[in-house]
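What follows is a single structure, written as structure tokens, with notes after it.
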Amino acid sequence: MSNGRRFLQELPTQEGGPTPVAQRVSPSERVRAEIDTLFSSDADLTSVLEEVGRLTVRLLMQQAVESEVDVFLARRPYERRSEDSPAGSRNGWQPPAAVKTTMGPVELSRPKLRGTDEKFCSQLFGTGVTRTHALEALVVSAWVRGLSDRDIEAALKEVLGEEAALSRSTVSRICQQVKDDFDEFSARDLSQLRLDYLFLDGTNFRFHEHSPAEPVLCAWGITTDGKPHLVGLAAAASESADAWRDFLQGLVARGLASPLLVVSDGAPGLIAAIEQVFPRALRQRCVIHRLRNAVAKVSKADADAFKSDWWEVFDKIEEPPGDAAVTEARRRMDGFRAQWERAYPGAVACLAEDFESLTAHLRFPTEHWKRCRHTNLIERTFGETRRRTKVIGRLPGERTCVALVFAVLDRQRHGWRGMTMTPRATRRLQDLRRQLFADQSETDLGETVTAAA
């Protein structure tokens, strides 16, 4: 039994009756609950993503069936029937029917209606639908090209055939919620969002004809109460300082205040933009990105030992956060240099360069160190997005590309872990905030870092 089904079975019953709450939830909402439960579980990430892939197929098809009912009855669930609406009402769901896909059978719940003047027949259950092996291609096409109603209609006809194709109005209803969610996300007020940590990263997709892959810029953060938030998402022509500065200034214009720590890779344009837009925030360079750069200069025979020694520079530091912890990391770095510099001077120089930015996380609460020293969460999520679009080659446009990335991130963010905010951690963060953002004369970042320690 999957985690999501177990979750639904364990929902409490309503007072005054034996009917479980889960029975009043639509099939598509049950699938969403299964996806959310999977992302919040401790299961292996690979197996989780495989199961989510199967559930995504099921969710898309189930939403299509439910939308067909809305169109047939000319009203949504629990809406009153108007005088000119067709006769009939919803009467639950039939037992699920299996639809074959390349990812295995997908169970879809078919609706039961009563009091209708004509028989309801879902076009998705037309001739040949249950025998198709192309539903995976359908989902990819729908996610990538489906934000255009005409393209989704064409993709459904192409995959399922004329008898099973959805009408354009049904397609529109399925996709409209994604469009609305993305538009609301892109315009929402950020003035109430107070961040301790801001993570920035980008990844490349091909979405303009005759152009190379271009970046989608992403910002996500951890609030002062330890909760994760997707903050911003936008396409850009490059990861230049101008592009990143425009992206960050857009977030500031919508009310985003400076975080305490900004975590990013070492792209010069991104670093320059961070220092211009958030000059008082501390900057943490992703230690995993930097290690990858260095390991590229090390032989395969020594790579594992080199990486193990590198992590010993930062792991299990017992000194309190601040200058004491940073000093200990520097001492360990000296030992690392003595061990490896003779054999791999280029790799060691790569790690020693800008070492201050690699230790900024040591000024924050000890329990946060391993979470705020890299940008891996967004990297893994971008990897899942690239996997979904790999078979397409080029996305059909900038808006479609960004909306696709948003759809993946918006679904996966429910499984993101935040930060544990203990009283000690909260005090440390409050002290840093007072020291970094207290009214003061123009001071360079290095002096601010020293004061924060």
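Worth a mention:
- Gain upon complete extension [ASN204, GLN339; 0.36 nm per residue less C-alpha separation]: 44.9 nm
- C-alpha center-to-center spacing [region 197-245, region 57-98] in angstrom: 38
- HIS289 - accessible surface, heavy atoms, 1.4 Å probe, Å² rounded to 10: 40
- Accessible area of ARG417 (1.4 Å probe, protein heavy atoms only, ligands and nucleic acids ignored): about 150 Å².
- For GLU107, distant residues with modelled amide H under 5 Å away: VAL99
- Neighbourhood charge, 13 Å Cβ-Cβ cut-off, centred on ARG331 and excluding it, Lys, Arg +1 and Asp, Glu -1: -3
- Accessible area per residue in Å² at 1.4 Å probe, computed on region 292-362: 54
- For LEU217, residues with placed amide H under 5 Å, excluding near neighbours: ALA234, ALA235, ALA236
- Taking amide hydrogens as placed 1.01 Å from N in the peptide plane, the amide H of THR116 sits under 5 Å from those of SER89, each at least 5 positions away in sequence or on another chain.
- Computed E for ARG417/LYS119 - FRET, C-beta separation, R0 45 angstrom, nearest 0.05: 0.40
The values are calculated or read from the model by the stated rules, or taken from the named source; none is laboratory data. This structure is a prediction, so every number in the text was calculated from the model and none was measured. Here Cβ is always computed from backbone atoms with ideal geometry, including for glycine, and neighbour counts include all displayed protein chains. Ligands, DNA and RNA are excluded from the accessible area calculation, which covers all protein heavy atoms including side chains. Shrake-Rupley method; radii C 1.70, N 1.55, O 1.52, S 1.80 Å.
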